[in-house]
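Chemist: I'd like to ask some things about the structure below.
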Amino acid sequence: MSFTKKFTALLMSAAVALPVLLTGCHGSRGMDPFVIPEEFDTSRNYEITFWAKNDTNKTQTEIYGQAIEDFQTLYPNVTVNLRLYTDYSRIYNDVITNISTNTTPNVCITYPDHIATYRTGTNVVVPLDELFADAKYGLGGSDVRFDSPTADEIVPQFLEECVIDGEHYALPFMRSTEACYINKTYVEALGFTLPDVLTWDFVWEVAEAATEKNADGTFRINGQNVMLPFIYKSTDNMMIQMLRQRGADYSTDAGDILIFNDTTEELLYTVAEHAATEAFTTFKISSYPANFLNAGQCIFAVDSTAGATWMGTDAPLSDISEENLVRFETAVRAIPQFDPDNPQMISQGPSVCIFNKGDPQEVLASWLFMQYLLSNEVQIAYSGTEGYVPVTSKAQNSDEYQDYLSRSGEDNEHYYSVKLDAAKLLLAHTDDTFVTPVFNGSASLRSAAGQLIENVTKSIRRKETVDDAYMEKLYADITSLYRLDNLSSSVASGKADLGPLPGTSVALLTALGGTWVLILAYVGWGILKKRKK
Amino acid sequence: MKKILALAMAAMMMFAAVSCSGGEDTAADVKSEGVMTYAEYAAAELETPVVVETYVQAKQGWWDNQATIYTQDKEGGYFLYNMPMSEEDYAKLVPGTKIKVSGHKTAWAGEVEIIDATYEIMDGNYVAEAMDATALLGTEELINHQNKLVAFNGLTVEASTDANGNEAAFLYNWDGSGQEGTDSDLYFNASIGGNTYTFVVEYYLCNETTDVYNAVKGLNIGDTIDIEGFLYWYEGAQPHVTSVIVK
C-alpha cells in the first residue's frame with residue numbers, strides 16, 4: 001500500500017506519453033503474421049511467460065498459481081512462468097520496452113487502450129478472430145483439453161470492448177464498474193432518505209449538508225475534525241461518465257479529441273463549487289476513499305467494484321487502525337446519475353492478450369493458456385476475490401456462482417455482503433455499461449479527463465480564482481501536457497506523423513522522378529522520330 | 001569552588017552535546033531572503049505556497065521528468081513529491097546537495113509533502129545523521145520528526161502474518177501477495193517495550209540490489225536489529241527503511 005500505490009498514479013500519468021513516442025518510430029519490418037498450425041505439436045516442450053496483475057491480494061496470486069498448475073497438468077509439455085505486477089502501468093511500460101527487443105511476454109493482462117499502442121509495432125499482438133473460430137483449438141474447440149467457453153458464452157458487451165479496428169485483439173478476463181459506497185447511517189442522520197438510484201444533485205446536497213460544523217470546529221455529523229463527504233477515486237472515470245450521462249462529446253471513434261467543450265466547463269464549475277466548501281475531494285489529493293469512509297470521515301466513496309473488500313466497517317481488508325474504525329451501515333449504489341431512468345456507467349477491468357512469436361506452436365500454447373483463464377474454474381475463483389464479475393455467461397449461470405451470490409453476508413470474508421452487492425450491481429447493469437473509444441493515445445485522453453478535475457479541485461483549495469480565463473488556460477495546459485494536439489492530427493488520418501522525409505529519401509525520390517522524366521522523354525522522342533519517317 | 005565546578009560541568013555537557021551530533025556543524029541554517037525556516041514551514045497551512053532551502057538525503061525515483069526526493073535541513077525533513085525535473089538534473093543530485101524549492105505544502109494520508117514545486121540547485125552541502133527516535137516510538141512526539149532520517153535501535157523482529165495466516169519474518173507486500181523479482185515492497189514487524197511496529201523497505205527507494213532489501217530478506221523472527229530510515233507517514237508512522245543491522 002502507501003507510497004507504492006500512490007506512485008502508481010504517477011506511472012499512469014507518465015505512461016500516457018509513450019504512445020506518441022512509439023508512433024514516432026518509423027517502424028521496422030516487424031514479425032510475420034501468426035498462422036494457426038494445423039496441429040498442436042505436443043512432442044515438443046514450450047515455456048511461456050504470463051505477465052499478470054493482482055490488486056495486492058494474496059488470494060489472487062494463489063488463483064493464478066493454481067490456474068497455472070491445473071493448466072500444466074492438462075498440457076504437461078507447456079510450462080507457464082508467472083510474473084506478477086501490482087499495477088497496469090508497469091506492465092504497459094515493460095511491454096513497450098520489450099517490444100523493441102522482441103522479448104514481450106507470451107500472455108499479458110492489459111487494457112485495450114494499451115493494446116492499441118502495442119499494435120503500432122508490426123504483428124506484435126496476435127489478432128484473435130481466426131483463433132476464436134478454429135474448429136480444433138478455438139473457443140470451445142474439439143481438441144481443447146478443458147471445458148472452454150464458446151464465443152457465444154462470453155458476455156457480448158465485454159467481448160466487444162476487445163475489438164480494435166474491427167478485430168478482436170484481447171479477451172476480457174474480469175469485469176468491474178464503479179460503485180458508490182455509502183455511509184447510510186450518516187445520510188439518514190442528516191435527514192435524507194437514500195434513493196435506489198443516486199443522482200448528482202442528491203449527492204451534492206447531502207455532501208454540502210455534511211460540511212456543517214459545531215461551534216468547536218468539529219463536524220456536526222461525526223464530531224471529528226475531518227469530514228470529506230464525497231471522495232472520488234478515479235477522476236478520469238468521473239469526467240468520462242459525467243460527459244456520457246450528459247450526452248456530451250469526449251472523442252470520436254477515430255480519435256478526434258472533443259473533450260474541451262461547454263459541458264466539460266460546466267461540470268468543472270460544479271466541481272469547483274463543491275471543492276470550495278470541501279464537500280468534494282479526490283484520491284490523488286486526499287488519499288483512499290475507503291480509509292475515510294471506514295473512519296466515519298466520508299459519506300460517498302466512489303471506487304471500483306473491484307475495491308469492495310476495502311469498503312465498510314466490517315471490510316476484510318483495511319488500512320486504518322482498529323481504533324479509528326467507526327461502525328455504520330454500508331450501502332452500495334451505482335455511481336450518481338443525471339438521468340436516473342437511463343443509468344450509464346463505465347465498464348472496466350483487465351483483459352488479456354497474446355504476443356506474436358517466431359514459433360507458431362509457442363503462440364498456440366499461449367492461446368490455449370489464455371483460453372484457460374476463461375474457464376469456469378478460473379473465472380469463478382478470481383471473481384470472488386473482489387467485486388468482479390465473470391466475463392462468461394457460462395460461469396455467471398453456473399450453479400457454483402449462483403450459490404456464491406446467494407450466500408451474501410454469511411461471513412465477512414468470502415461472502416462479504418458489500419463485495420457481493422458490488423458484483424450484483426454490475427450483473428444487474430451490464431446493459432447500462434459503456435466503454436470509450438480505443439485508439440493509439442486514448443490512454444492519454446483518459447488521463448487528461450481526470451486531470452481537469454484534479455487541477456480545478458487543487459486550485460480551489462489553494463484559493464485561486466477559477467473563471468473563464470482559468471478554464472481557457474487549463475484547457476491549453478492539459479492539451480500540452482498530454483500532447484493532445486499532436487494526437488488529434490496523427491490519429492485523424494489513421495497514421496502517425498513521422499515528420500519530414502530524411503534527406504536521403506528526398507534525394508532518392510528526386511532521382512526516381514528524374515529517371516521517369518528521362519524515360520518518358522526518350523519514348524516521346526522515339527515516337528516523334530517514327531512519325532517523321 | 002562550587003561555582004567553578006558548576007562551570008566545568010556545564011562546559012563538559014556542552015562538549016558532550018556536540019560529540020553526540022557526530023561532529024556535524026550544528027549551527028542553524030542561514031536561510032536566504034524569502035525562504036522559510038523549518039519552523040515557519042511546519043507552521044504553514046496546508047495548500048499554501050512554501051519556499052524552503054533543503055538538502056537532498058535520498059532519491060526515491062524519477063519518471064517522466066518528475067522526481068520524488070527525501071530532503072532535510074538541520075531542523076527538519078521535507079518530502080518532495082513529483083517535482084518536475086530533467087533527468088540530467090536528477091543525476092546531479094547526491095546526498096547533501098542543497099536545493100531551493102518553491103511549491104505547495106499538502107498532506108496525503110498524513111504524509112506532509114511539497115508538490116507542484118520548482119527548484120534551484122545551490123552551493124552548500126549537508127548530510128544528516130540519523131536521529132535516534134527509539135524512545136519516541138508510539139508517542140505523539142514522533143510526528144514532529146516526520147520525513148527526517150531516524151534510527152530505531154535494539155528492536156526485536158516479530159512475526160508478520162500473511163493473508164492466509166502464515167507467519168514469516170517479512171512479507172513481500174503488506175499481505176504477502178508479492179514475490180521476488182517484482183517491484184514488491186518488503187514489510188516486517190519489530191517490537192520494543194512490548195509494542196510492535198511495522199516497517200517498510202520501499203522498493204522504489206531501495207530495490208533488490210540494495211543491502212537493506214537483502215538484509216530484510218535474511219531476517220529471522222527474534223533477531224535483534226538496529227534500523228535506520230526516513231520517517232514517512234501513511235495513516236500513521238511507516239518508516240521507509242534504508243538500513244537494517246542484525247545485532
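Chemist: Name the one entry in B:Val150, B:Val157, B:Val241 that is of a type in the set (A, V, I, L, M, F, W, C), in contact with an Asp or Glu (Cβ under 8 Å, 6 or more places away or on another chain), within 14 Å of chain A (Cβ to nearest Cβ) and touching a residue at least 24 places away in the same chain (Cβ under 8 Å). Walk me through it before giving the result.
Modeler: Details: B:Val150 fails: within 14 Å of chain A (Cβ to nearest Cβ); B:Val157 fails: within 14 Å of chain A (Cβ to nearest Cβ).
Going through B:Val150, B:Val157, B:Val241 in turn, the sole match is B:Val241.
Chemist: Please work out which one of (1) more than 14 Å from chain B (Cβ to nearest Cβ); (2) closer than 22 Å to A:Ser347 by Cβ; (3) surrounded by fewer than 22 Cβ atoms within 10 Å (Cβ to Cβ); (4) not aromatic (Phe, Trp, Tyr) is the condition A:Asn77 fails and give its number.
Modeler: A:Asn77 satisfies every listed condition except (2).
Chemist: Here are A:Ser442, A:Ser398: which of them is in contact with a Pro (Cβ under 9 Å, 6 or more places away or on another chain) and closer than 30 Å to A:Asp341 by Cβ?
Modeler: Values: A:Ser398 fails: closer than 30 Å to A:Asp341 by Cβ.
Only one candidate passes the filter, namely A:Ser442.
Chemist: Name every residue in region A:261-284 that is buried (at least 22 other Cβ atoms within 10 Å of the Cβ), in a helix (DSSP H, G or I) and aromatic (Phe, Trp, Tyr), in order of residue number.
Modeler: Answer for region A:261-284, where residues must be buried (at least 22 other Cβ atoms within 10 Å of the Cβ), in a helix (DSSP H, G or I) and aromatic (Phe, Trp, Tyr): just A:Phe283.
Chemist: Determine the pairs where a residue that is farther than 16 Å from A:Phe328 by Cβ, located within region A:183-201, has a partner that is β-branched (Val, Ile, Thr) and part of a strand (DSSP E or B) with Cβ atoms under 9 Å apart, the partner being 6 or more residues away or on another chain.
Modeler: A:Leu198/A:Ile182
Chemist: Say whether the condition of being within 14 Å of chain B (Cβ to nearest Cβ) and in a helix (DSSP H, G or I) is met by at least one residue in region A:107-114. Spell out how you get there, then give the answer.
Modeler: Going through region A:107-114, the residues within 14 Å of chain B (Cβ to nearest Cβ) turn out to be A:109.
Pick out the ones that are also in a helix (DSSP H, G or I) and you get none.
Taking every residue of region A:107-114 in turn, none turns out to be within 14 Å of chain B (Cβ to nearest Cβ) and in a helix (DSSP H, G or I).
Chemist: Another one. Can B:Ala133 be described as touching a helix residue (DSSP H, G or I) at 6+ places or on another chain (Cβ under 8 Å), at pLDDT 95 or above and surrounded by fewer than 18 Cβ atoms within 10 Å (Cβ to Cβ)? Explain how you work it out, then say what you get.
Modeler: Working: touching a helix residue (DSSP H, G or I) at 6+ places or on another chain (Cβ under 8 Å): yes; at pLDDT 95 or above: yes; surrounded by fewer than 18 Cβ atoms within 10 Å (Cβ to Cβ): no.
No: the conditions fail for B:Ala133.
Chemist: Considering only residues that are assigned to a strand (DSSP E or B) and within 9 Å of the chain's Cα centre (by Cα), which ones fall in region B:128-150?
Modeler: Filtering region B:128-150 down to residues assigned to a strand (DSSP E or B) leaves B:131-132, B:149-150.
Hits for region B:128-150 are B:Leu149, B:Val150.
Chemist: If you check every pair at least six apart or on different chains, which have Cβ atoms under 6 Å apart with a residue in region A:447-467 that is under 15 Å from A:Ile231 (Cβ atoms) first and a residue that is part of a helix (DSSP H, G or I) and acidic (Asp, Glu) second?
Modeler: A:Gly450/A:Asp236
Chemist: Here's another thing I want to ask about it. If you take the residues in region A:166-218 that are closer than 30 Å to A:Asn54 by Cα and among the small types (Gly, Ala, Ser), which one is surrounded by the fewest Cβ atoms within 10 Å (Cβ to Cβ)?
Modeler: Per the criteria, the residue is A:Gly166.
Chemist: Just to be sure, is A:Thr117 surrounded by 15 or more Cβ atoms within 10 Å (Cβ to Cβ), at pLDDT below 90 and touching a Pro at 6+ places or on another chain (Cβ under 6 Å)? Step through it out loud before you land on a result.
Modeler: On the way: surrounded by 15 or more Cβ atoms within 10 Å (Cβ to Cβ): yes; at pLDDT below 90: yes; touching a Pro at 6+ places or on another chain (Cβ under 6 Å): yes.
Answer is yes for this residue.
Chemist: A follow-up question, please. Under the condition of being surrounded by fewer than 20 Cβ atoms within 10 Å (Cβ to Cβ) and modelled with pLDDT of 90 or more, which residue from region A:80-93 is farthest from the other protein chains (Cβ to nearest Cβ)?
Modeler: Looking at residues that are surrounded by fewer than 20 Cβ atoms within 10 Å (Cβ to Cβ) and modelled with pLDDT of 90 or more, I get A:Asn81.
Chemist: Here's a follow-up. Here's a check for you: in region B:108-147, which residue that is within 14 Å of chain A (Cβ to nearest Cβ) and of a type in the set (A, V, I, L, M) is farthest from B:Met36 (Cα to Cα)?
Modeler: B:Ala109
Chemist: Within the bounds of region B:108-120, is there any residue that is surrounded by fewer than 22 Cβ atoms within 10 Å (Cβ to Cβ), under 17 Å from the mean Cα position of the chain (by Cα), more than 23 Å from A:Lys284 (Cβ to Cβ) and touching a residue at least 60 places away in the same chain (Cβ under 8 Å)?
Modeler: no
Chemist: Would you be able to tell me the number of residues in region B:159-189 that are more than 25 Å from A:Lys53 (Cα to Cα) and touching a Ser or Thr at 6+ places or on another chain (Cβ under 6 Å)?
Modeler: Selection size over region B:159-189: 1.
Chemist: For a quick check of your reading: which helices (runs of 4 or more DSSP H) sit entirely within region A:423-516 and have at least 1 residues that are at pLDDT 95 or above? Reasoning before the result, please.
Modeler: Numbers: elements: A:442-461, A:468-481, A:484-492.
Passing ranges, in order: A:442-461, A:468-481.
Chemist: Residue under question is A:Thr49, and the condition is that it be over 20 Å from the mean Cα position of the chain (by Cα) and touching a residue at least 40 places away in the same chain (Cβ under 8 Å); does it hold? Even if it seems obvious, please write down each step before you answer.
Modeler: On the way: over 20 Å from the mean Cα position of the chain (by Cα): yes; touching a residue at least 40 places away in the same chain (Cβ under 8 Å): yes.
Against the criterion (over 20 Å from the mean Cα position of the chain (by Cα) and touching a residue at least 40 places away in the same chain (Cβ under 8 Å)), A:Thr49 qualifies.
Chemist: Looking for whichever is under 20 Å from the mean Cα position of the chain (by Cα), β-branched (Val, Ile, Thr) and more than 22 Å from A:Met345 (Cβ to Cβ) here; the options are A:Thr103, A:Thr150, A:Thr120. Which one fits? Please lay out each step first, then the result.
Modeler: Values: A:Thr103 fails: under 20 Å from the mean Cα position of the chain (by Cα); A:Thr150 fails: under 20 Å from the mean Cα position of the chain (by Cα).
The conditions single out A:Thr120.
Chemist: Looking at A:Asp303, A:Asp339, which one is in a loop (DSSP other than H, G, I, E, B), of a type in the set (Asp, Glu) and in contact with a helix residue (DSSP H, G or I) (Cβ under 9 Å, 6 or more places away or on another chain)? Working first, answer last.
Modeler: Working: A:Asp303 fails: in a loop (DSSP other than H, G, I, E, B).
It is A:Asp339.
Chemist: Okay, next question. Could you check region B:163-193 and list, in sequence order, the residues that are within 14 Å of chain A (Cβ to nearest Cβ) and either hydroxyl-bearing (Ser, Thr, Tyr) or touching a helix residue (DSSP H, G or I) at 6+ places or on another chain (Cβ under 6 Å) (or both)?
Modeler: Within region B:163-193, B:Ala163, B:Tyr172, B:Asp175, B:Gly176, B:Ser177, B:Thr182, B:Ser184, B:Asp185, B:Leu186, B:Tyr187 qualify.
Chemist: Still on this structure: Looking for something of a type in the set (Gly, Ala, Ser), more than 10 Å from chain A (Cβ to nearest Cβ) and in contact (Cβ under 8 Å) with a residue 24 or more places away in the chain - is there at least one such residue anywhere in region B:222-233?
Modeler: Applying the first criterion (of a type in the set (Gly, Ala, Ser)) to region B:222-233 yields B:222, B:229.
Right, trim to more than 10 Å from chain A (Cβ to nearest Cβ) and you get B:222, B:229.
If we keep only those that are in contact (Cβ under 8 Å) with a residue 24 or more places away in the chain too, we end up with B:222, B:229.
For region B:222-233, residues of a type in the set (Gly, Ala, Ser), more than 10 Å from chain A (Cβ to nearest Cβ) and in contact (Cβ under 8 Å) with a residue 24 or more places away in the chain: present.
Chemist: Testing A:Val144 on (1) surrounded by fewer than 19 Cβ atoms within 10 Å (Cβ to Cβ); (2) in a loop (DSSP other than H, G, I, E, B); (3) touching a residue at least 12 places away in the same chain (Cβ under 8 Å), one condition comes back false. Which one is that?
Modeler: (1) is the only condition that A:Val144 fails.
Chemist: Of the residues A:Pro229, A:Pro289, A:Pro336, only one is within 14 Å of chain B (Cβ to nearest Cβ), at negative phi and touching a Phe, Trp or Tyr at 6+ places or on another chain (Cβ under 7 Å); which? Talk me through it step by step, then tell me what you get.
Modeler: Numbers: A:Pro229 fails: within 14 Å of chain B (Cβ to nearest Cβ); A:Pro336 fails: within 14 Å of chain B (Cβ to nearest Cβ).
Of the residues listed, the single one that is within 14 Å of chain B (Cβ to nearest Cβ), at negative phi and touching a Phe, Trp or Tyr at 6+ places or on another chain (Cβ under 7 Å) is A:Pro289.
Chemist: Another one. When you check A:Thr56 against the structure, is it without any contact (Cβ under 8 Å) to a residue 60 or more places away in the chain, out of contact with any strand residue (DSSP E or B) (no Cβ under 8 Å at 6 or more places or on another chain) and surrounded by 19 or more Cβ atoms within 10 Å (Cβ to Cβ), yes or no? Walk me through how you get there before you give the answer.
Modeler: Values: without any contact (Cβ under 8 Å) to a residue 60 or more places away in the chain: yes; out of contact with any strand residue (DSSP E or B) (no Cβ under 8 Å at 6 or more places or on another chain): yes; surrounded by 19 or more Cβ atoms within 10 Å (Cβ to Cβ): yes.
For A:Thr56, the condition - without any contact (Cβ under 8 Å) to a residue 60 or more places away in the chain, out of contact with any strand residue (DSSP E or B) (no Cβ under 8 Å at 6 or more places or on another chain) and surrounded by 19 or more Cβ atoms within 10 Å (Cβ to Cβ) - is met.
The values are calculated or read from the model by the stated rules, or taken from the named source; none is laboratory data. These figures come from a predicted structure and were not determined experimentally. So basically every Cβ, Gly included, is an ideal-geometry build from the backbone, and we count neighbours across all protein chains shown.
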